[in-house]
Amino acid sequence: MRDEVNKLVLAIQDEISCINDLVSAVRDQREAMKASDTEEVNALMDEIRDIFFDVQTCENKRDDLAKKLAAKFSCGPKVSELVSNMTNDEKIILNGAADVLTQSVFILKGEMLVLSGLIDQNEKFTSMLLSEYKRLLGDFSQSGATDFRG
């Protein structure tokens with residue numbers, strides 16, 4: 001396999017690894033939220049931020065390598081265009097890596113949707129609790145008031 005293709009495949013595999021780490025951290029954070037472990041949630045938020053920057057770095061590296069390879073092949077940086085200039089073995093390896101990357105991104109998007117839903121649900125419950133608390137305070141101050149006017 002050509003060195004440029006190998007570097008691109010390795011960059012894709014690195015990105016997959018980072019995305020899988022991010023998925024794992026998001027799942028851990030969801031569990032910490034369920035357990036009401038504030039310290040763990042905060043620690044995982046920091047970890048997720050760090051992993052996210054790693055994912056961005058990997059994505060930029062992959063994008064740069066794909067553009068360089070595309071320039072060499074005189075085509076676009078999309079996998080479908082790149083593989084048209086490759087040997088069968090290179091096609092199989094690059095398409096396989098791209099498929100796994102697509103699956104990892106899909107899984108991450110699903111996890112983010114679940115987390116977003118939990119956050120929205122938490123906001124609604126918090127709003128409901130605050131409204132009920134205010135209502136009860138209002139009822140308490142009205143029912144517990146003594147009128148000293150004569």
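Only Cα pairs within less than 10 Å get springs; with that Gaussian network setup on the chain, which residue of Ser104, Ser36, Ser127 has the largest fluctuation?
Comparing Ser104, Ser36, Ser127 in the GNM, the peak value goes to Ser127.
Who wins for biggest fluctuation among Leu22, Leu130, Leu115 in a Gaussian network model of the chain, springs between alpha carbons below 10 Å?
Between Leu22, Leu130, Leu115, it is Leu130 that shows the largest mean-square fluctuation.
Under a straight-distance cross-link criterion of Cα-Cα below 28 Å, which lysines are reachable from Lys67, leaving out those fewer than 8 residues away in the same chain?
Correct list for Lys67: Lys7, Lys78, Lys91, Lys109.
Show me the trypsin sites (Lys or Arg not before Pro) within the stretch 2-109 that DSSP assigns to loop and that have at most 14 other Cβ atoms within 10 Å of their Cβ. Write out the running numbers ahead of the final one.
Values: sites: Arg2, Lys7, Arg27, Arg30, Lys34, Arg49, Lys61, Arg62, Lys67, Lys68, Lys72, Lys78, Lys91, Lys109; in loops: Arg2, Lys78.
For trypsin sites (Lys or Arg not before Pro) across the stretch 2-109 that sit outside H, G, I, E and B with at most 14 neighbouring Cβ atoms in 10 Å, the list reads Arg2, Lys78.
Give me the percent of accessible area attributable to carbon and sulfur for the chain, probe 1.4 angstrom.
Of the solvent-accessible surface of the chain, carbon and sulfur hold 55 percent.
For the stretch 44-87, taking Cα atoms only, what is the radius of gyration to one decimal and the Dmax to the nearest whole Å?
Answer for the stretch 44-87, Rg first and Dmax second: 14.5, 43 Å.
Sum -39500 (n - 2.57) across every DSSP H segment of at least 4 residues in the chain, then divide by the residue count to get the 222 nm mean residue ellipticity, nearest 500.
Dividing the helical sum by the residues of the chain leaves -31000 deg cm²/dmol.
Report Rg (one decimal) and Dmax (nearest whole number) for the stretch 28-150, counting Cα atoms only, units Å.
26.8, 100
Short version: ³J(HN,Hα) in whole Hz for each residue of the stretch 88-97, in order, from phi by Karplus 6.51 cos²θ - 1.76 cosθ + 1.60 (θ = phi - 60°), x for Gly and Pro, what are they?
Calculated HN-Hα couplings, in order: 4, 4, 5, 4, 4, 5, 5, 4, x, 5 Hz.
Considering the zone a paramagnetic label at Glu123 would reach in this model (a point 7 Å from Cα along the Cα-to-Cβ line), which residues of the stretch 10-40 have amide N under 19 Å from it?
Hits in the stretch 10-40 for Glu123 at 19 Å: 30, 33-34.
So what is the accessible area of the chain per residue, in Å², with the probe set to 1.4 Å?
Here the residues of the chain average 69 Å² of exposed surface.
The values are calculated or read from the model by the stated rules, or taken from the named source; none is laboratory data. The structure displayed is predicted, hence computed values, not measured ones. Please note: Cβ atoms are built from the backbone with ideal geometry, for glycine as well, and neighbour counts cover all protein chains shown. SASA here: full protein model, heavy atoms, side chains in, ligands and nucleic acids out. Shrake-Rupley method; radii C 1.70, N 1.55, O 1.52, S 1.80 Å.
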